[in-house]
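Note sheet for the following structure.
The values are calculated or read from the model by the stated rules, or taken from the named source; none is laboratory data. Everything quoted here is computed from the prediction, not taken from an experiment. Every residue, glycine as well, gets a Cβ built from its backbone with ideal geometry; the counts of neighbours run over all protein chains shown.
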Amino acid sequence: MNVERATTDDIPELVELRLAYLTEDSGPLADDMADAIARDLPGYYRERLGRDLLVYVVREDGTIASCAFLLVVRKPMSPAFPKGRTGTVLNVYTRPAWRRRGMARALMEAMLGDAREMGLSVVELKATDDGRPLYLKVGFVDDASKYHNMRWTNL
């Protein structure tokens with residue numbers, strides 16, 4: 001199995017995969033939301049891909065069968081991230097026809113190898129119940145913290 005990094009040539013397929021991931025994760029998207037995402041994502045990918053957004057893919061028959069995104073962020077150093085560089089895993093997704101073949105694991109292993117080489121202090125993710133066993137196998141641990149996950153939304 002060959003893991004590669006996506007390029008700007010892959011943007012149309014990455015948009016498709018992001019929409020498939022979001023639909024599977026959250027249910028059907030409202031038409032206006034899906035249209036806005038499909039319209040705006042190509043520009044985001046062109047601006048970020050290969051810079052602070054690394055997308056790992058496995059191809060089968062010329063099609064991206066599985067993908068995983070790593071968003072790299074530089075923060076002020078702290079005991080939690082002494083090098084100041086962190087990563088967030090997003091959009092780990094395998095098309096249904098190719099599931100249970102080890103693609104997501106191969107993507108995660110390649111990503112974490114690169115994270116080591118890049119000197120990231122920590123790589124974080126939010127796991128679904130289905131994904132959690134995989135993440136534990138590749139070295140993630142549950143994050144016990146005195147902090148609460150919170151968010152402010154401006155929709």
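Within this structure, M118 fails the test of being modelled with pLDDT of 95 or more and closer than 14 Å to F140 by Cα. When A144 is tested against (1) over 13 Å from the mean Cα position of the chain (by Cα); (2) in contact (Cβ under 8 Å) with a residue 60 or more places away in the chain, only condition (2) is not met.
Could you tell me which residue of the stretch 1-10 is surrounded by the fewest Cβ atoms within 10 Å (Cβ to Cβ), considering only residues that are assigned to a helix (DSSP H, G or I) and among the charged types (D, E, K, R)?
My answer is D9.
Being charged (D, E, K, R), in contact with a Ser or Thr (Cβ under 6 Å, 6 or more places away or on another chain) and surrounded by fewer than 14 Cβ atoms within 10 Å (Cβ to Cβ), is that true of even one residue in the stretch 135-150? No, that holds for no residue. If only one of V89, V73 is of a type in the set (V, I, T), at pLDDT 95 or above and surrounded by fewer than 14 Cβ atoms within 10 Å (Cβ to Cβ), which one is it? Answer to the check: V73. Summed over the stretch 11-44, the residues that are surrounded by 13 or more Cβ atoms within 10 Å (Cβ to Cβ) and either closer than 21 Å to R105 by Cα or of a type in the set (A, V, I, L, M) (or both) give a count of 16. Contact annotation: residue pairs with Cβ atoms under 6 Å, 6 or more positions apart or on different chains, pairing a residue in the stretch 57-69 that is closer than 14 Å to D9 by Cα with a partner that is outside any strand (DSSP E or B) and not basic (K, R), are V57/A6; I64/E13.
The set of residues from the stretch 100-141 being farther than 25 Å from I64 by Cα and either touching a residue at least 60 places away in the same chain (Cβ under 8 Å) or assigned to a strand (DSSP E or B) (or both) comprises just one member, V122.
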